[in-house]
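Read the figures in this text as sums done on the coordinates, not as results from a lab. Note that the coordinates shown come from a computational prediction; the quantities given were computed from them, not determined experimentally. With ideal geometry, Cβ positions are generated from the backbone for all residues, glycine too; neighbour counts draw on all protein chains shown.
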Amino acid sequence: MSTIFEPWKLGRIELANRVVMAPMTRNRADVAGVLPDSAATYYAQRAGAGLIITEGTQPSAAAQGYPGTPGLHTDDQEKAWARVADAVHATGGRIFCQLMHTGRISHESLIPADARVVAPSAVRARLDVARADGVMVPAPEPVPLDEAGIRQVIEDFAAAAARAARAGLDGVELHAANGYLLHQFLSPGTNLRTDRWGGSPEGRARFVVEVTAAVAERIGADRVGVRISPGGQFNDMADKGNEDTYMALADALAPLRPAYLHTLRRRSSPLHTELRRRWPTTYLLNTGYLGGSELADVAPLVGEEADLVSVGRLFISNPDLVRRWRENLPRAAWDESTFFTPGDAGYVDYPAHSAVADPEQGSDA
Ligand SMILES: Cc1cc2nc3c(=O)[nH]c(=O)nc-3n(C[C@H](O)[C@H](O)[C@H](O)COP(=O)(O)O)c2cc1C
């Protein structure tokens, strides 16, 4: 039980404990993709996590897939992230920025007029996506990326990572999970390509490997993590039976020695055991939606099954979650209705435990 509260060396940084705040989109940025000042407060409140992984952040204007997600491709966006990094570091925390290109999960109204909704292949997601005005409409048929387009996306990720480093963020996480662009390349249901970026496990893994290599070259491999969701069905993915691609991916990434691999896991399986066994650096596990993420669920995983565990929603409603776990203080429930709404409600107004009236002490008053 106590290992989870012990420090861990992640690349060049020291984490105070093994609990990671999972990446969570909160849709509070303005139309220019700039985070509000309250974002610095929000993340600093949660700096008791060993590591914070930020909300998904677009590396280019063309990579956006939801209204209100932040970017990291303009100077104003970078300045806002620098304020976040400073606030988290001032509180003793560590923070990686998740870089997310949503690929086919997007809408023309969210991206520049000369951009297209892109994917590895022209396979439409059978779901509704948000327009810039928030109205839900059927997902468009994406345009397959050509080679120049692929090179541009890789360069956009590397440039955003350079901005992240310049803003003082400790590193970046590449979002190759949950049905977004990098995952779309990994999965045979969305990647029908017959060129070098498809057609075989190695081919489907190539784009993620090339993005990782380009980002590692720009900021150092020990500042790059990769998030995957093998078998995941979110966003109309058909990723079941795709184990060979994930093994090919892990084998191709391993020599680069990224800071970590971050896996969403439904249940233990031979693939997960093998990924953990083969992965040469830090292994980070998220069992949340799937297996629960209370202390009793995740603490036993630290050691044998993972080096670090990530927790999402509990961190929304318990900014001081690690202290509450350590001291066995009660946990507050989250309010789903404010997950994605603009403004401070449900964002920076969940108090730390010390600020909550303690019923036992209160009885004397
Ligand atoms: C509000 C919300 C936003 C999320 N946004 C992201 C995201 O931007 N990137 C990502 O990789 N996962 C995202 N997720 C998934 C979480 O990282 C995590 O895997 C999930 O919440 C399960 O963990 P939990 O049960 O501890 O919350 C999001 C989840 C929630 C609840």
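Some observations on this one:
- Net charge of Cβ neighbours under 15 Å - reference V348; Lys, Arg +1; Asp, Glu -1: -2
- 0 to 90° range, to nearest 10: angle between helix 243-253 axis and the chain longest Cα axis: 80
- Only helices enter the 222 nm calculation for the chain: every DSSP H run of n ≥ 4 contributes -39,500 (n - 2.57), and dividing by all residues gives -9000 deg cm²/dmol, rounded to 500.
- DSSP-assigned coil residues among trypsin sites (Lys or Arg not before Pro) in the stretch 220-275, each with at most 15 further Cβ atoms within 10 Å: K240, R266, R267
- Residues of the chain were split at every exposed loop site, defined as GluC sites (Glu not before Pro) in a DSSP loop with at most 15 other C-beta atoms within 10 angstrom, and the longest piece left, sites excluded, is 1-293.
- Taken about its Cα centre, the stretch 48-135 carries a charge dipole of about 340 debye when Lys and Arg each add +1 at the Cβ and Asp and Glu each add -1 at the Cβ.
- This model, with +1 at the C-beta of Lys and Arg and -1 at the C-beta of Asp and Glu, gives the chain a dipole about its Cα centre of some 700 debye.
- Ranking V123, H101, T91 by how far each Cα lies toward the positive end of the dipole of the stretch 69-220 (charges on Cβ) leaves V123 at the top.
- Between the helical axis of 147-166 and the longest alpha-carbon principal axis of the chain there is an angle of about 20 degrees.
- Using all pairs of distinct alpha-carbon atoms, the Kirkwood hydrodynamic radius of the stretch 171-323 works out to 15.8 angstrom.
- Hull volume per residue, based on the alpha-carbon atoms of the stretch 67-151 and their convex hull, is 134 Å³.
- Net charge contributed by nearby residues that have their C-beta within less than 15 Å of V129 (K/R +1, D/E -1): 0
- Between the listed residues A32, S268, T245, the Cα displaced farthest toward the positive end of the dipole of the chain, a dipole computed from Cβ unit charges relative to the Cα centre, is found at T245.
- Where only C-alpha atoms are counted, convex hull volume of the chain per residue in Å³: 126
- Formal net charge of residues neighbouring A39 (Cβ-Cβ distance under 10 Å; K, R +1; D, E -1): +1
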